Amino acid sequence: DHVEYDNEAQVVVARGNVQLDYLTQHVEADDARYELRTGRGTFHHVRGTFAVQRHPVPKLLISPNPLFFEAEEADRLDDNTYKIRKAWLTVCKPGRPVWKFYAPAATVRLKQSVRVTNGNFRLFSIPVLYLPFATVPAEQRRDSGFLVPELGNTSQKGYVLGDSVYWAPLDWLDVTLGAADYTKRGWSQKEDFRARPWEGAQLDVNYYGVIDRGLQQEDAPPVKQGGHEAKLLFTSMLPGGWRAVADLDQLTSLTFRLAWSETFKEAVNSEVRNTAFLTNN
């Protein structure tokens with residue numbers, strides 16, 4: 001609405017409905033001071049979207065600008081770096097985001113990462129977890145690191161405390177390893193391995209196990225229901241019209257599945273099928 005320009009210093013001071021569009025950056029603010037020579041600037045009461053190259057997955061806003069933030073103040077340090085204060089960020093739809101990060105301070109480096117300091121993770125605007133430091137990938141590659149801890153309380157497991165580490169050494173391979181402590185029963189281990197080694201090929205390996213101290217009984221020894229289940233799925237298109245498939249499942253006991261399955265459909269399934277075959281078209 002109002003702009004003052006210093007020709008000698010090449011500085012713009014603007015107030016009211018300020019908007020900056022640069023490449024994939026879109027920033028709106030109540031006021032701004034912007035240096036044309038260096039590209040540095042300071043904005044107040046900011047709303048913005050930045051392009052983040054991500055593959056579509058559930059619970060993510062898929063658009064040219066999926067990273068949305070609001071902040072009291074934002075400093076533009078260069079073409080690709082912003083420091084924002086008293087901000088919240090999300091990659092959900094900004095109207096009513098399912099989850100978001102709130103942070104007194106955050107640094108956005110386009111094509112690299114978003115780093116949050118002393119923030120918290122909020123689900124439906126309810127603070128769930130304090131995060132002294134967190135990072136969100138903002139590039140086509142995936143970042144390795146620790147995931148959000150698993151916290152909970154159930155009548156079967158007791159208090160649950162666990163965490164997982166995510167490792168993506170290659171663009172076609174990633175691994176997730178995790179463990180959790182169940183105060184009433186014991187501790188669990190889980191692993192997810194995913195690979196797409198060549199076009200038309202898929203390899204997924206999943207493992208879940210529980211070392212169980214046992215279900216307490218009156219005047220009887222504890223009933224142990226521990227064990228594990230490991231699954232492997234491999235599919236691949238091969239030369240000459242061939243297709244290879246292996247769908248393998250190794251389960252220690254039906255008791256383990258009944259006790260620890262997360263879904264009703266899986267818990268009541270008493271069969272374990274293992275299949276491998278080659279077909280030619």
Practice item. Subtracting the Cα-Cα distance from 0.36 nm times the residue separation, let me have the gained length for Thr183 to Ser253 in nm, one decimal. Key: 22.9 nm
Check your understanding: In the structure shown, do any of Lys190/Lys224; Lys111/Lys190; Lys93/Lys190; Lys184/Lys265; Lys86/Lys111 have a Cα-Cα gap over 27 Å, and if so which?
Key -> Lys111/Lys190; Lys93/Lys190
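State in Å² the accessible area per residue of the chain; use a 1.4 Å probe, count heavy atoms of protein chains only, and round to the nearest integer.
On the way: 17250 Å² over 281 residues.
With all protein chains present, the chain gives 61 Å² per residue.
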Point to revise | Gain on full stretching of the segment that runs from Asp6 to Ser270 - 0.36 nm per residue minus C-alpha separation | key: 87.3 nm
Review point. What part of the accessible area of region 152-273, given as a whole %, is carbon or sulfur when the probe is 1.4 angstrom?
Key: 59
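Using a Förster radius of 30 Å, what is the FRET efficiency between Gln202 and Leu23 based on their Cβ-Cβ separation? Nearest 0.05, please.
Details: r = 35 Å, r/R0 = 1.18.
For Gln202 and Leu23, the calculated efficiency is 0.25.
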Revision key, fill the gap. Neighbours of Lys184 by Cβ distance under 14 Å: Lys/Arg at +1, Asp/Glu at -1, summed charge +2
Revision key, fill the gap. Label model pair Gln217, Thr81: point-to-point distance (7 angstrom along the Cα→beta-carbon line) in nm is 6.5
**Study point:** Model label zone, Leu238; criterion: amide N under 17 Å from point 7 Å along Cα-to-beta-carbon; scope region 189-222
**Key:** 197-203
Exercise for review: Only one of the values (1) 55; (2) 41; (3) 59 was calculated from this structure for percent of Cα pairs over 28 Å apart; name its label.
Suggested key: (1)
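For region 195-281, which GluC sites (Glu not before Pro) pass both filters: DSSP loop (anything but H, G, I, E, B) and at most 10 other C-beta atoms within 10 Å?
Working: sites: Glu199, Glu218, Glu229, Glu262, Glu266, Glu271; in loops: Glu199, Glu218, Glu262, Glu271.
Sparse-neighbourhood loop GluC sites (Glu not before Pro): Glu199, Glu218, Glu262, Glu271.
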Check your understanding: Near the amide H of Gln112, under 5 Å away, which other amide H atoms are found, from residues 5 or more places off or on another chain, if H is placed in the peptide plane?
Key -> Ala138
Point to revise | Estimated [θ] at 222 nm from DSSP helical runs (n ≥ 4, -39500 (n - 2.57)) normalised by residues in the chain, nearest 500 | key: -1000 deg cm²/dmol
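The values are calculated or read from the model by the stated rules, or taken from the named source; none is laboratory data. None of these values were measured; they are calculated from a predicted model. Positions of Cβ are backbone-derived with ideal geometry, glycine not excepted, and every protein chain shown enters the neighbour counts. Just the protein is used for accessible areas: all its heavy atoms, side chains included, with ligands, DNA and RNA removed. Shrake-Rupley method; radii C 1.70, N 1.55, O 1.52, S 1.80 Å.
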